[in-house]
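Student: Following this message is one structure expressed as structure tokens.
The values are calculated or read from the model by the stated rules, or taken from the named source; none is laboratory data. For clarity, every value in this text was computed on a predicted model and none was experimentally measured. In this analysis, Cβ positions are derived from the backbone assuming ideal geometry, glycine residues included, and neighbour counts consider all displayed protein chains. Note: areas computed on protein heavy atoms with side chains; ligands, DNA, RNA excluded. Shrake-Rupley method; radii C 1.70, N 1.55, O 1.52, S 1.80 Å.
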Amino acid sequence: MSTKIYMDNAATTAVRDEVLEAVLPYFKEYYGNASSVYGIAKESKKALEKAREQVAAGIHANPAEIYFTAGGSESDNMALRGVAEAMKNKGNHIITTKIEHHAILHTCEYLEKQGFSVTYLDVDEYGKISLEDLKAAICPETILISVMFANNEIGTIEPIKEIGALAKEKGIYFHTDAVQAVGHVPIDVEEMHIDLLSMSGHKLGAPKGIGAIYIRKGVKVKPLIFGGAQEKKMRAGTENIPGIVGLGKAVELAVAEMEETTARLEKLRDKLIQGVLEKIPYSRLNGHPKDRLPGNCNISFEYIEGESMLLLLDALGIAASSGSACTSGSLDPSHVLLAIGLPHEKAHGSLRLTLDRNNTEEEVDFVLEKLPFIVQRLRDMSPLYEEIAKTAKQ
Ligand SMILES: *Cc1c(COP(=O)(O)O)cnc(C)c1O
């Protein structure tokens with residue numbers, strides 16, 4: 001059965017038609033190396049700088065502060081390892097959260113082995129950090145605060161502007177993993193006092209394997225990759241011009257259409273959330289009810305295995321996720337759901353449906369029609385649920 005309804009846009013998105021069209025000439029027509037001097041190379045160089053402007057404009061940065069990378073994971077690694085390396089003489093303490101993407105968490109674990117000390121902030125039941133906790137964690141050795149803009153599993157948007165203000169006041173660099181946020185929610189690195197920001201193309205309609213990092217002018221970061229002089233020696237390697245063109249185009253489109261897309265997606269999302277909660281007993285919404293990504297729906301069902309739900313949905317042609325794509329395949333429950341206080345069994349029974357501009361109301365209606373039967377079918381096989389159902393009847 002092939003996928004008819006794709007509701008896993010937090011895992012990756014389809015490349016947009018306009019993006020594909022913009023990218024194609026840079027494979028066959030303008031294939032020159034942007035570092036060379038002849039005609040087609042100049043076209044590559046021009047495209048590179050235009051994309052840099054598009055990306056910068058999307059987050060209110062200066063083009064000179066944008067460096068292209070091979071994706072969100074690389075940008076996250078560069079922010080953490082690059083700042084740690086550059087600032088180790090000032091201090092060895094980093095503050096992050098328990099709900100970050102593994103590109104942040106595993107990099108922090110690596111840095112801990114290198115002698116850095118990392119504070120992992122707790123989050124509340126909605127997935128938000130507390131500014132008081134953050135303030136209390138800051139010490140003279142703190143060199144970096146890294147808090148994600150929006151969570152990839154539960155969609156919660158963090159108080160970025162307040163974190164930025166605090167970091168600025170204390171003179172500490174502030175990095176945000178904005179992979180889920182760029183092109184989805186408004187970002188202004190000036191107003192929000194962000195010093196470093198990670199983004200990735202494939203979460204907003206550009207190809208996979210392209211990303212960027214914003215580094216505020218004057219912020220000290222060591223490069224991860226050495227070689228040629230590309231990206232002002234901050235990221236060696238011949239530029240992925242088609243990918244870069246795609247990222248620039250995708251950011252430009254997403255930001256221009258944001259208001260309209262957000263209004264439409266929030267309506268679909270809320271219909272989906274409310275419909276599921278109304279139709280299915282023993283279900284709860286994960287993540288913040290209001291401060292959440294426009295396309296994110298994450299719901300836990302008691303007495304159910306998330307993985308079996310995914311298989312039954314797949315049989316109907318519906319693509320969804322039970323946490324994050326990176327964690328499925330392992331039996332550990334999601335670290336994000338555990339951090340918001342869900343016990344293991346509830347964390348296991350959770351479903352993430354993430355919408356984007358391609359999803360329709362008919363698709364939402366179809367999911368709302370089918371999901372209650374899937375959940376019921378699985379619960380009917382659960383001895384625990386049988387007990388509950390019996391007690392409820394008495
Ligand atoms: C997808 C994702 C990443 C990793 O980005 P890649 O481009 O796939 O390496 C990092 N952080 C968050 C929050 C993500 O959702």
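Student: Using the beta-carbon distance between Lys88 and Ala165 and R0 = 25 Å, what value does 1/(1 + (r/R0)^6) give for FRET efficiency, to the nearest 0.05?
Tutor: It comes to 0.45.
Student: Okay, next question. If R0 is 35 Å, what FRET efficiency do you get for Leu24 and Asn62 from their C-beta distance, rounded to 0.05?
Tutor: 0.75
Student: Per 0.36 nm of contour for each residue apart, how much would the distance between Thr360 and Met381 grow if the chain were fully extended, relative to their Cα-Cα spacing?
Tutor: Additional length available on full extension: 4.3 nm.
Student: Where the centroid of each part is defined by its Cα atoms, how far is the range 173-224 from the range 81-119 in Å?
Tutor: That distance is 18 Å.
Student: Another question, then. Sticking with the crude label model, points 7 Å out along Cα→Cβ, report the distance from Gln274 to Glu369 in nm, one decimal please.
Tutor: 2.1 nm
Student: What percentage of the solvent-accessible surface of the chain, computed with a 1.4 Å probe over protein heavy atoms, is contributed by carbon and sulfur atoms?
Tutor: Whole-percent figure for carbon plus sulfur exposure: 53.
Student: Which value, in Å², gives the accessible area per residue of the chain when a 1.4 Å probe is used on the protein heavy atoms?
Tutor: With all protein chains present, the chain gives 44 Å² per residue.
Student: Let me ask something additional. Which value, in nm² and rounded to one decimal, describes the direction-averaged projected area of the C-alpha convex hull of the range 208-281?
Tutor: For the range 208-281, the mean projected area of the Cα convex hull comes to 8.6 nm².
Student: Output the Cα-based Rg and Dmax of the range 250-393 in Å, rounding Rg to one decimal and Dmax to a whole number.
Tutor: 15.8, 56
Student: Set the Förster radius R0 to 45 Å, insert the Cβ-Cβ distance between Thr238 and Glu125 as r into 1/(1 + (r/R0)^6), and round the FRET efficiency to 0.05.
Tutor: 0.45
Student: Starting from 0 in steps of 20 Å, tell me what percent of the Cα-Cα pairs of the chain lands in each bin.
Tutor: In whole percents, the pair-distance histogram is 28, 54, 17, 1, 0.
Student: Under 12 Å from the Cβ of Tyr173, count the other residues' Cβ atoms, weight Lys and Arg +1, Asp and Glu -1, and hand me the total.
Tutor: Spelling it out: positives minus negatives among the neighbours equals +4.
Student: Just grab the label-to-label distance for Lys267 and Ala136, each label 7 Å out from Cα along the Cβ direction, in nm (one decimal).
Tutor: Between Lys267 and Ala136, the simple spin-label model gives 4.4 nm.
Student: Can you pull the one-decimal nm distance between simple spin-label points at Met258 and Val37, each 7 Å off the Cα toward Cβ?
Tutor: Spacing of the two 7 Å Cα→Cβ label points: 4.2 nm.
Student: Stick to Cα atoms and the Kirkwood definition of Rh, then tell me Rg/Rh for the range 134-269.
Tutor: With Rh from the inverse mean 1/r over Cα pairs, Rg/Rh is 0.99.
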